[in-house]
1. Using Cα positions and a limit of under 27 Å, work out the lysines in reach of LYS237, with same-chain residues fewer than 8 apart set aside.
2. Starting from 0.36 nm per residue, how many nanometres of slack lie between ASP48 and ASP184 once their C-alpha separation is accounted for?
3. What FRET efficiency comes out for LYS238 versus ASP41 if R0 is 30 angstrom and r is the Cβ-Cβ distance? Round to the nearest 0.05.
4. With θ set to phi - 60°, apply the Karplus curve 6.51 cos²θ - 1.76 cosθ + 1.60 along segment 210-216 and write out the HN-Hα couplings as whole Hz, x wherever there is a Gly or Pro.
5. So what's the net charge close to LYS223: Lys and Arg +1, Asp and Glu -1, counting the other residues with Cβ under 11 Å from its Cβ?
6. Shape verdict for segment 132-221, please, from the Cα gyration tensor: rounded (a/c under 1.5), prolate (a/b greater than b/c) or oblate.
7. Once you charge only the Cβ atoms, +1 for Lys and Arg and -1 for Asp and Glu, what is the size of the charge dipole of segment 33-272 about its Cα centre, to the nearest 20 debye?
8. Explain nothing, just compute: Karplus ³J(HN,Hα) = 6.51 cos²θ - 1.76 cosθ + 1.60, θ = phi - 60°, for every residue of segment 86-99 in order, whole Hz, x for Gly and Pro.
Amino acid sequence: MAVIEVPIELIDSFYRNPERALRNFACITTSAIQPFFRRKDKVVSAVDTSRRNPFNDATLTFDPDWRCTDNYPRYIHVDLALTQDRIGIAMGHCPKFVSTATGERRPFVFIDFMGSIPTSPSMDVLPKDIRQIIHTELPRRGFYIALVTFDRFQSADSISILREHGIVSAVFSVDRTTQKIILDPSAKLSYRTESTNGEYTAAQEALRQALYEDRISVPPHPKWEAECFGAEELIYKKKVDHVPGGSLDMEQCVAAVAYHIVNNEVEYEETLEEVEEYEREFGDEFYDEYYEEEPC
């Protein structure tokens, strides 16, 4: 363990807040001083160690036998990279609704895969590779892509190309979440937006709430805990940022997916009145459709 000699004039600073002092005066990276995710145990327990992350960050490929086995719509967010940065990506769906401690029914967030892709000198190729994954590889494996969002950086071309492939795509910022994206087949672009009314950390809040209520499952990834533990709440800026030298690329993608699921997934339960109304309208066709497998 390194031993640091603290100048006498800085002693008080190190006593008051040692983590901040290490960062500001000794240039040593620490975990978040004001952590956004204070329940670190929830960050850890969200990882389902019984499954593996099917996505390979280095090769941009999936496990050969990974296929979709259900009909749930998928939500994807991509955080395109700046120079010397990484590309984040995550895809998830809602397989069920669960009851919270308050009795409210909320969507369960299942992250199918997530990745933190290192950039390279040939960065201009990477967005093309990501688009190929979304509009070709994932549908080929049986996934229905309901919505794809990108952060603001260099996303216009990707959004335009995905729309040409019939995939609903839009710009969405996790850093400053000013709007919700609601799927709407009647809208011009098959979605509409609603204001968050100044709740600029709404996407991150959706992820934190899902974690604290045990409503999320993520596959193992070496950067998951580091990014979550390094997420710092900057209350005066209404922002969640990473610690110096850290990143939130993948964590932000998971937050966006959680937020899209919360805003778009609805639990539908057929009431007795609805069944009776359907029966009155369709008569014998109702029984043919609903009871043919269970004859009297």
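1. The reachable lysines, counting only those whose Cα sits under 27 Å from LYS237, are LYS40, LYS42, LYS180, LYS223.
2. Full extension of this stretch gives 45.7 nm more.
3. So the FRET efficiency works out to roughly 0.70.
4. Coupling constants for segment 210-216: 4, 5, 5, 9, 6, 10, 8 Hz.
5. Neighbourhood net charge equals -4.
6. Note, shape of segment 132-221 comes out oblate.
7. I would put it at about 140 debye.
8. For segment 86-99, the Karplus curve yields 10, 9, x, 8, 7, 9, x, 8, 10, x, 6, 10, 10, 8 Hz.
Laboratory data are not the source of any read-out in this text; all were calculated from the coordinates shown. Remember, it's a predicted structure, so these values are computed and weren't measured experimentally. Every residue, glycine as well, gets a Cβ built from its backbone with ideal geometry; the counts of neighbours run over all protein chains shown.
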